[in-house]
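> Below are the structure tokens for one structure; questions will follow.
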Amino acid sequence: MRAEVEDALLAPEETSVPTVGNTVLRSVDRLEAIVGDLLTIARQDHDRQVEREPIDLSELVTTESGRRPHPAKRFDYALEPGVVVIGDRARLSRLLSNLIDNAERYAASTITLRVSHVAGSKRDAHRFPNGIAMLEVIDDGKGIDPGKRELVFQRFARLDTARDRGAGGTGLGLPIARQTAEAHGGTLGIEDSTCGTRFVLRLPATESTRID
């Protein structure tokens, strides 16, 4: 922002107020987004308590994706009904929104959203006594090298030139998403996929979750 203003002051005849204003406003928008995400992280670092109400994950996906009336990419759904978790609706909505935002930036054409209930392993029985409520967000983009998958969850991490500020992210959305998952007793990671990138959220299912 400083550079844009200084250049305009040095050569006012080569620019105009609308040109400088529009350029600076884009930077202001990005700065506001970064500050907002930093405040979210600070609040979650300080207060790890979450609201507790029953949330149907499939309904959450339908609601959140429905808020995008003109999505840039096509959405495919595989949503099992009756998969319920206990948690903070606002924070889980933000988590899902961050995952969808990320998928929209890097998908070639399609984003797949899946919700399912799966049995947990004996090793995880204490963590997921009623099984696992699993949410997957999959894009058909270039994908991420397995050795770099954890890097995207580091604050302000950038993997390559394709994931730079031009892509529109702050570098904090995915760290916030993982922080939210862990606050709900779950996990969030990137797992193998036949194409693109596959984010997998696992949360403790409730007793009311349907088991076929």
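The values are calculated or read from the model by the stated rules, or taken from the named source; none is laboratory data. Given the structure is predicted, the values throughout are model-derived calculations rather than measurements. Note that we place each Cβ from the backbone using ideal geometry, even for glycine, and neighbour counts take in every protein chain shown. Accessible surface is based on the protein model in full, side chains and every heavy atom, while ligands, DNA and RNA are left aside. Shrake-Rupley method; radii C 1.70, N 1.55, O 1.52, S 1.80 Å.
> Tell me, in nm to one decimal, what length is gained between HIS126 and ARG2 on full extension, where the rule is 0.36 nm per residue of separation less the Cα-Cα distance?
39.2 nm
> At 222 nm, what value in deg cm²/dmol follows for the chain if DSSP H runs of at least 4 each add -39500 (n - 2.57) and the sum is divided by all its residues, to the nearest 500?
The per-residue figure over the chain is -12000 deg cm²/dmol.
> Gain in length, ASP45 to LEU31, computed as 0.36 nm per residue apart minus the alpha-carbon separation, to one decimal in nm?
2.9 nm
> Where nothing but the Cβ of Lys and Arg (+1) and of Asp and Glu (-1) is charged, how large is the charge dipole of segment 1-112 around its Cα centre, in debye to the nearest 20?
300 debye
> Spelling out what I want: for every residue of segment 137-151, take phi, set θ = phi - 60°, compute 6.51 cos²θ - 1.76 cosθ + 1.60 (Karplus), and round to whole Hz; glycine and proline get x.
Values per residue, Gly and Pro as x: 10, 10, 10, 9, x, 6, x, 10, 4, x, x, 10, 4, 6, 5 Hz.
> Sort out for me the Cα centre separation of segment 102-149 from segment 52-67, rounded to whole Å.
Here the answer is 16 Å between Cα centres.
> Report the per residue volume, in Å³, of the convex hull enclosing the C-alpha atoms of segment 1-119.
159 Å³
> Further question on the same structure: By how many degrees, 0 to 90 and rounded to 10, does the Cα axis of helix 17-46 deviate from the longest principal axis of the chain?
30 degrees
> Check THR209: other-chain or 5+ apart residues with amide H under 5 Å from its amide H, H built from backbone geometry?
VAL84
> Once R0 is set to 35 Å, what does the formula 1/(1 + (r/R0)^6) return for the Cβ-Cβ distance between GLN154 and HIS70, expressed as a FRET efficiency to the nearest 0.05?
The calculated FRET efficiency here is 0.65.
> Over segment 5-106, what percent of the accessible surface lies on carbon and sulfur atoms, probe 1.4 Å?
Exposed carbon and sulfur together represent 56 percent of the surface.
> Further question: Per residue, how large is the accessible surface of segment 99-142? Use a 1.4 angstrom probe and give square angstrom.
Ligands and nucleic acids excluded, the result is 46 Å² per residue.
> Under the Kirkwood approximation for Rh and a Cα-based Rg, what ratio Rg/Rh is obtained for the chain?
Rg/Rh: 1.05.
> Give, rounded to the nearest 20 debye, the magnitude of the charge dipole that the chain has about its Cα centre when Lys and Arg contribute +1 at Cβ and Asp and Glu contribute -1 at Cβ.
Rounded to the nearest 20 debye, it is 500 debye.
> Each residue of segment 68-73 in order: what ³J(HN,Hα) in whole Hz does its phi give by Karplus 6.51 cos²θ - 1.76 cosθ + 1.60, θ = phi - 60°, with x for Gly and Pro?
Going residue by residue, I get 10, x, 10, x, 6, 10 Hz, with x marking Gly and Pro.
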